[in-house]
Amino acid sequence: MKHFKLFVTSMLLLISVGVNAEKFTVNTTEFEPGGTVDVSVSLENTGIVSGYTMKLYLPDGFSVIPDEQGSGYVCELSSRHENQYNMTLTKASDGSFLFVVYSSKSGDAIKENSGLIFTTKLSVASNVNASKMASFKSIAVSDADGVESALTDVVFDLTKKAPPITVIAKSYTRAYGDANPTFGYEIAGGKLSGIPSVTCEATETSPIGEYDIEIEIGRAVQQE
C-alpha cells in the first residue's frame with residue numbers, strides 16, 4: 001500500500017483595488033471666431049479617485065479665459081463635485097494649462113467619481129476660421145492611498161460653428177389662366193446637399209392676388 005502525505009498550507013490572496021479609472025471624456029460647444037467655447041470633462045470610473053492632474057494643450061488662437069481678478073483662469077467644478085474636490089488651474093512653462101484636482105479633506109478617499117468633473121471656458125481669436133484639435137496629456141490619477149496611475153491622452157475637436165444658411169424663394173408675376181412658372185430660389189451663407197421643394201398653392205384658375213411661395217428643405221443638410 002502506498003502512503004501519501006497531505007500538506008495543508010495557507011495561501012495569501014492579494015486583491016488589488018487600484019484606481020479603475022477607465023477614461024476621461026471631453027465635450028465641447030461649437031465656437032465662432034472671436035467668441036468662446038466651453039470644454040467639459042467627465043470621468044468614467046468604478047474605483048476611488050482621490051485626485052488627478054492633467055495638462056491641456058491648445059492650438060494657436062485658443063486660450064483659457066482669465067478670471068475677473070486676473071490671478072487665475074475661468075474653470076468650475078461641477079455642482080456634483082464642488083464639495084468633494086479643490087482645484088487649481090495654472091499656465092505651465094510649456095504653454096499648456098495645468099489642472100490639479102485633489103480631495104477637499106486630507107486623507108479622505110472620494111467615491112462615486114464618475115460623471116461631469118469640471119468645465120472651463122476658452123476664448124477664440126477672430127482669425128480662427130476652421131475646426132482645430134486639442135488634447136489633455138500627462139493625465140495622472142491618484143487612488144485612495146495616493147498611488148498614481150497614468151491614463152491615455154485624450155484628443156478632442158474644437159468645432160467651428162457652421163454658418164447659418166438661408167434659402168430665399170424668387171418672386172414671380174404671371175397672367176390669370178397661365179400655369180405657374182418653375183420656381184427658383186437663392187441660397188445665402190453656405191451650400192445645401194439636396195434639392196429644396198418650392199411650391200405655391202395658386203393654380204391657373206386661382207383668383208387674382210398674391211400667394212406665398214413656400215420652401216421645404218426636406219432632407220437637405222448644410223455644408224461648410
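The values are calculated or read from the model by the stated rules, or taken from the named source; none is laboratory data. This structure is a prediction, so every number in the text was calculated from the model and none was measured. All Cβ positions, glycine included, derive from the backbone under ideal geometry; neighbour counts span all protein chains shown. Surface accessibility is based on the protein's heavy atoms, side chains included, excluding ligands, DNA and RNA. Shrake-Rupley method; radii C 1.70, N 1.55, O 1.52, S 1.80 Å.
Filter segment 150-171 down to the residues that are surrounded by 14 or more Cβ atoms within 10 Å (Cβ to Cβ), touching a residue at least 40 places away in the same chain (Cβ under 8 Å) and either among the charged types (D, E, K, R) or farther than 30 Å from LEU56 by Cβ (or both) and list them by number. Listed by number, the residues that qualify are LYS160, LYS161, ILE165, VAL167, ALA169.
Segment 1-112 holds strands (runs of 3 or more DSSP E) entirely within its bounds, and those carrying 3 or more residues that are within 30 Å of ASN129 (Cβ to Cβ), at pLDDT 80 or above and open to solvent by less than 60 Å² (accessible area, probe 1.4 Å) map to 21-28, 36-45, 51-57, 62-64, 97-103. The set of residues in segment 113-149 that are farther than 14 Å from PHE97 by Cα, among the small types (Gly, Ala, Ser), in contact with a Ser or Thr (Cβ under 7 Å, 6 or more places away or on another chain) and open to solvent by 40 Å² or more (accessible area, probe 1.4 Å) comprises SER131, ALA144, GLY146. Within segment 190-224, the residues that satisfy the criterion of being at pLDDT below 85, assigned to a loop (DSSP other than H, G, I, E, B) and of a type outside the set (Val, Ile, Thr) are GLY190, GLY194, PRO196, GLY218, ARG219, ALA220, GLU224. Taking residues in segment 50-64 that are more than 19 Å from ILE139 (Cα to Cα), and partners anywhere that are surrounded by fewer than 18 Cβ atoms within 10 Å (Cβ to Cβ), the pairs with Cβ atoms closer than 6 Å and at least 6 places apart or on different chains are GLY61/ALA125; SER63/SER123. Among the criteria (1) under 17 Å from the mean Cα position of the chain (by Cα); (2) within 18 Å of TYR102 (Cα to Cα); (3) of a type outside the set (D, E, K, R), the one GLY47 does not fulfil is (1).
Would you call VAL155 touching a strand residue (DSSP E or B) at 6+ places or on another chain (Cβ under 9 Å) and at pLDDT 85 or above? Judged against the criteria, VAL155 is a match.
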